[in-house]
1. Go through the stretch 177-216 and count every residue that is open to solvent by 30 Å² or more (accessible area, probe 1.4 Å) and assigned to a loop (DSSP other than H, G, I, E, B).
2. Filtering the stretch 1-23 down to residues that are at pLDDT 80 or above and within 22 Å of Val135 (Cα to Cα), which residue is surrounded by the fewest Cβ atoms within 10 Å (Cβ to Cβ)?
3. Got at least one residue in the stretch 144-152 being in contact with a His (Cβ under 9 Å, 6 or more places away or on another chain), in contact (Cβ under 8 Å) with a residue 60 or more places away in the chain and open to solvent by 40 Å² or more (accessible area, probe 1.4 Å)?
4. Check Thr90, Thr123, Thr134 and return the single one that is of a type in the set (Val, Ile, Thr), farther than 30 Å from Asn285 by Cβ and open to solvent by 80 Å² or more (accessible area, probe 1.4 Å).
5. So which strands (runs of 3 or more DSSP E) stay within the stretch 231-325 end to end and still have 2 or more residues that are open to solvent by less than 30 Å² (accessible area, probe 1.4 Å) and either modelled with pLDDT of 95 or more or assigned by the TED database to the domain that holds Glu202 (or both)?
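The values are calculated or read from the model by the stated rules, or taken from the named source; none is laboratory data. Just so it is clear, the structure is predicted and the values come from calculations on it, not from any experiment. So basically every Cβ, Gly included, is an ideal-geometry build from the backbone, and we count neighbours across all protein chains shown. In case anyone asks, the SASA skips ligands and DNA or RNA and just uses the protein heavy atoms, side chains included. Shrake-Rupley method; radii C 1.70, N 1.55, O 1.52, S 1.80 Å.
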Amino acid sequence: MKEGKLDFDDLKNIILNNKTIKRNEVKVRNDVGEDCSIIDFGDCEGIFSTDPITGANQNVGKLAVHVNCNDIASSGGEPIGILITILAPTSSSIEEINTIMHEIDEEAAKIGVEIIGGHTEVTSAVNRMVISVTVIGKNKKGKSIKTAGAQLGDDIIVTKAMGLEGTHILINDYEERLKNVLSKEEIDFGKSLIDKISVLEEGKIGGEFGVNSMHDITEGGLLGGLFEVAMASDKGFKIFKDKIPIFDITKKVCEEFQIDPLRLISSGSMLIITKNGEELIKKLNYKGIDGSIIGTICEKDGILVEDNKEIKVKPPKRDELFNIK
C-alpha cells in the first residue's frame, strides 16, 4: 500500500463494517470527516480526538500538540489534556526522546493543556520516531460543532493560508535542495510558519458565532478537507481558485516538488462553513486572523473554478507530502 491516509472509500467501508456497539452517550461517533467524537457527560460534553505525526522529521513535538488540539478547536471546544505515545527506533537516544518531550511540554503549556498520561517505547517496529497523541477537551452541553453540519448555500471560509504545515515540513526536511529556489529570508519565514499552526482562536470564534461546520485542514489539504465536510454533510462544494490564499513561498516550494498546494497538509488553517461569512470574517479580523470566503456549499459534487472553467475535483488519494519528486 502507498503511504498516507486511507482513501475515502476504503476508510468508509472499514468504519461501517466495525460499528457493533453504539452507546446513547455518544453524540458524535467516528465517521469519515469527523475530527472528533463527542460524548454526553451530563452538564457538559467531552470531546476526544487522536492523530499521529508521521510525515515530518523536525519539530514533531510541536506539531503533535497543535495538530491534535486543533481537532478540539474544530468542534468549538477547549482542549484540556493530552496523552502521548512515543515509539522510538532502536537507533534513538534518550536525549532525542527528552528533546521531543520538552518540546511537547513547552507547546502544551503555551495553550494551557496538561500532559495527563501516555506510553514511551523503543521498538524495531519503526524506523523513525512516531508520536501519537490523544487529546481530551470539553464544551458546554449542546454547543459542540460537527463536521457534518454544512448546509446548502453556506459560505466556505478558510483562515490564514493554505499549506502552512506542509511548507514548514518541506523546508525543514529539504532545506539544502530548496536553497536553489528560496532566499535565506524565505527559508527563515517558512521555518517560522510553525508558529501559525494553532487554530484554537478561530475555533473559539467560530463556536461562539454558531457556525454550521468546522474542520481543520490536515492531510489531503484544502480539497481533502472539503471532501470530508461534503461527504459528512451529504453535500457538494464550489470554490474559486483565485480566492484561495496561498503564500508565494508555498507556491515556490510546491513548484519545486511538483505537487499541488491545494492537496498539501495545511494545519494552521481552519475550514469554516457558515451562513453569514462576511460577518464572521469581521470577527476574525478583529482578533487579527485573516479569513477568506472561497466558495459555497452546493447540492452535490466538488467543483473548482479556474480561469472561468469549472473543473470537477476528484477525491484526494493521499497527501502531497508523500508525492514529492
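1. Summing the residues that are open to solvent by 30 Å² or more (accessible area, probe 1.4 Å) and assigned to a loop (DSSP other than H, G, I, E, B) in the stretch 177-216 gives 7.
2. The qualifying residue surrounded by the fewest Cβ atoms within 10 Å (Cβ to Cβ) is Lys22.
3. There is no residue in the stretch 144-152 that is in contact with a His (Cβ under 9 Å, 6 or more places away or on another chain), in contact (Cβ under 8 Å) with a residue 60 or more places away in the chain and open to solvent by 40 Å² or more (accessible area, probe 1.4 Å).
4. Thr90
5. Qualifying strands (runs of 3 or more DSSP E): 236-240, 270-274, 291-298, 302-306.
This table checks each residue for (1) over 21 Å from the mean Cα position of the chain (by Cα); (2) closer than 30 Å to Phe240 by Cβ.
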{"site": "Gly77", "(1), (2)": "no, no"}
{"site": "Ile84", "(1), (2)": "no, no"}
{"site": "Ser92", "(1), (2)": "yes, no"}
{"site": "Glu96", "(1), (2)": "yes, no"}
{"site": "Val113", "(1), (2)": "no, no"}
{"site": "Met129", "(1), (2)": "no, no"}
{"site": "Gly137", "(1), (2)": "no, no"}
{"site": "Ile156", "(1), (2)": "no, yes"}
{"site": "Thr159", "(1), (2)": "no, yes"}
